[in-house]
1. Would it be correct to say that residue A:15 is within 14 Å of chain B (Cβ to nearest Cβ), over 23 Å from residue B:140 (Cβ atoms) and in contact with a helix residue (DSSP H, G or I) (Cβ under 6 Å, 6 or more places away or on another chain)?
2. Which one is surrounded by the most Cβ atoms within 10 Å (Cβ to Cβ), of the residues in the range B:87-117 that are more than 20 Å from the chain's Cα centre (by Cα) and facing another protein chain (nearest Cβ under 10 Å)?
3. Based on what the data block shows, is residue B:151 under 12 Å from the mean Cα position of the chain (by Cα), crowded, with 18+ Cβ neighbours inside 10 Å, within 13 Å of another protein chain (Cβ to nearest Cβ) and in contact (Cβ under 8 Å) with a residue 24 or more places away in the chain?
4. How about the range B:114-141: which of its residues are in a helix (DSSP H, G or I), closer than 19 Å to residue B:169 by Cβ and in contact with a helix residue (DSSP H, G or I) (Cβ under 6 Å, 6 or more places away or on another chain)?
5. Being in contact (Cβ under 8 Å) with a residue 40 or more places away in the chain, assigned to a helix (DSSP H, G or I) and either under 15 Å from the mean Cα position of the chain (by Cα) or more than 14 Å from every other protein chain (Cβ to nearest Cβ) (or both) is true for just one of A:53, A:32, A:24. Which residue is that?
């Protein structure tokens, strides 16, 4: 299990900033246009994931063999990584909505 | 004792048949040398066994149990021709997730590891990196090891250092190895298989390599 956590971190590390950037843009879009654009924002976030796979396939495909030799499938590595990233995104959005609600109340 | 069996692999690219009548088996404790000309399908066969290349048909089994994807659950490890270690992470940390804890002391005793364990791949020369990558695969948790051109990009003295390590590893694992430096393969292998015209030929003596046109003389 600790190996899986380590491998997920190694896998997530090079794509972390790219995906966090997409998350920040998504939160900013909701801050500007409101929750009514959440459908578009969700689509935009999915585009971030698709672009990550595309970029990784071109720039770091050789590295996939490291994870396979550790006994893990690449589909599973992406699934774990994106679940964690999406949880981070939901936390950022919740934090923003909570803060903006508190400010509005004040 | 574990044994890997590969049978009836059929692979074609754009209508061109690459592999059509392939049979090989590898027992734990055995090194199988796979020889063949450029483009004959050696690397493709290793990828089919490993599970990263899907052929039209294959039968790969370990102890008669069909294996769809060889690398899952550390059944089979594969040294590709290209570098595979991710950048920005120290060699020691990468080794800890690949190397079998049982072989850890043996692995960390290697001069190439002791010299470079605290470095990232960007700080290593091509030869040093290749040597470390090969050693990590050899000492991995997998029961069967596939080595695709381990003697390429390394110096002759490094190649000579590899051979005893491969032989020692073969006491615990089954190894399938391919390289164009056929004399190194002949040195290290228990049996030789030649891949020609998409078929495997089991070679009993070196003269047969001349008969099949793989080498011109000894």
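Values in this text are rule-based calculations from the coordinates and carry no lab data. Remember, it's a predicted structure, so these values are computed and weren't measured experimentally. Positions of Cβ are generated from backbone atoms using ideal geometry, with glycine treated the same way; all protein chains shown enter the neighbour counts.
1. When the stated conditions are applied, residue A:15 passes them.
2. Restricting to residues being more than 20 Å from the chain's Cα centre (by Cα) and facing another protein chain (nearest Cβ under 10 Å), the top hit is B:89.
3. no
4. Hits for the range B:114-141 are B:131, B:132, B:136, B:138.
5. Values: A:53 fails: in contact (Cβ under 8 Å) with a residue 40 or more places away in the chain; A:32 fails: in contact (Cβ under 8 Å) with a residue 40 or more places away in the chain.
Only one candidate passes the filter, namely A:24.
Yes/no per residue for (1) more than 27 Å from residue B:3 (Cβ to Cβ); (2) surrounded by 13 or more Cβ atoms within 10 Å (Cβ to Cβ); (3) touching a helix residue (DSSP H, G or I) at 6+ places or on another chain (Cβ under 7 Å):
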{"position": "B:163", "(1), (2), (3)": "no, yes, yes"}
{"position": "B:166", "(1), (2), (3)": "no, yes, yes"}
{"position": "B:173", "(1), (2), (3)": "no, yes, no"}
{"position": "B:177", "(1), (2), (3)": "no, yes, yes"}
{"position": "B:180", "(1), (2), (3)": "yes, yes, no"}
{"position": "B:194", "(1), (2), (3)": "no, yes, yes"}
{"position": "B:200", "(1), (2), (3)": "no, yes, no"}
{"position": "B:204", "(1), (2), (3)": "no, no, no"}
{"position": "B:207", "(1), (2), (3)": "yes, no, no"}
